[in-house]
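Before any comments, here is the structure.
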Amino acid sequence: MSHWPKIRPTIDELVNRQFETREFKKLFAVPLTGRRVEVYQNHMIFYANNRRDCWSFVAGKAPLDVKRAIWEHEKDELIHDDRMGRAHVTEDDLRAGDESLLAPGAKAAYYAWLYCAREKPWLEGLVYSHILERRNNNAIIKGGGLVERWKRKQRAELGAKEAEKDFQTEVHAVADEDHSDIFEPIFTRYVDSEATAQAVLTATRDGLLIDRALRGALADAMLEVE
């Protein structure tokens, strides 16, 4: 019997409460300027690359049906997304980034996610990556997920024309709802005992803590420039 329906409401409550944390409130309170957006975007280049590594590590350990779901998820990211006209993450993106400018707390968060993807059992590793997109899912998050809220913030503070230059954010506001939903059948199938349910809940809480660490570090880094 699947234990996923029993824990899913708790998980959805946890991802909604993420926006009430000190780190998320601090991030959304940062007044945006062109330079601060550049800091944000530089961090997101390496965040996106980190996501690709983490999904790959999980896929290497997971059953075939999970590998298929991850590959379906990653096609937009690595091969081509018609909404963007290219892959979400490219070599040109990485060449445009400057890793030396990453906040120490952000780099530590990236290493933490890599550790969890490589060292945790595959189901828990999957949760560490999935929970970030569940936190972006506008159908789950009241008031819109992180990317949707960030899109609205950029439009409100910088104007629509300037905000639309950040096409990654515009596309992900839609894409991550689909990306999150892909794994509902996987969790229904594999969260099949009280032990796996508790492991998934623990991974959810820990994954959201790492997310908070990144957002707090990112807010501090943005506030360091005018």
Relative to the Cα centre, what is the charge dipole magnitude of the stretch 83-130, using +1 at the beta carbon of each Lys and Arg, -1 at the beta carbon of each Asp and Glu, and rounding to the nearest 20 debye?
140
Sequence ranges 154-161, 53-60, ranked by mean other-Cβ count within 10 angstrom, highest first:
53-60, 154-161
At a Förster distance of 35 Å, what's the computed FRET efficiency of Asp192 paired with Arg86, Cβ-Cβ distance as r, to 0.05?
0.35
To the nearest 10 degrees, the tilt of helix 167-181 (Cα long axis) against the first principal axis of the alpha carbons of the chain is 10
Whole-number accessible area per residue in Å² for the stretch 1-111, which is evaluated in the context of all protein chains at 1.4 Å
53
So how tilted is helix 4-17 from the main axis of the chain? Cα-based, degrees 0 to 90, rounded to 10.
20
Charge dipole magnitude, Cβ of K and R +1, D and E -1 - the chain, Cα centre, debye nearest 20:
540
Mean separation of Cα contacts under 8 Å (6+ apart) over length of the chain, as relative contact order %
37
Please give every one of the lysines within straight-line cross-link reach of Lys67, meaning a C-alpha to C-alpha distance under 17 Å, and leave out same-chain neighbours fewer than 8 residues apart.
Lys75, Lys120
What nm value, rounded to one decimal, do you get for the distance between Gln41 and Asp98 when each label is placed 7 Å out toward the C-beta?
1.4
Counting only protein heavy atoms and a 1.4 Å probe, tell me what percentage of the chain's accessible area is made up of carbon and sulfur.
54
Could you give me the ³J(HN,Hα) list for the stretch 23-29, computed from phi with Karplus coefficients 6.51, -1.76, 1.60 and θ = phi - 60°, whole Hz, x at Gly and Pro?
5, 5, 4, 5, 4, 6, 8
Based on the Cβ-Cβ distance from Ala213 to Ala139, what FRET efficiency comes out when R0 is 22 Å, to the nearest 0.05?
0.25
Looking at the chain from every direction and averaging, what is the projected area of its Cα convex hull in nm²?
11.6
Report, in degrees rounded to the nearest 10, the 0 to 90 angle that the Cα long axis of helix 194-223 makes with the longest principal axis of the chain.
10
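The values are calculated or read from the model by the stated rules, or taken from the named source; none is laboratory data. This is a predicted model, so every value here is computed, not measured. Cβ sites come from the backbone with ideal geometry, for glycine too, and all protein chains shown count toward neighbours. The protein model used for the area step is the full one, side chains on, heavy atoms only, and it has no ligands, DNA or RNA in it. Shrake-Rupley method; radii C 1.70, N 1.55, O 1.52, S 1.80 Å.
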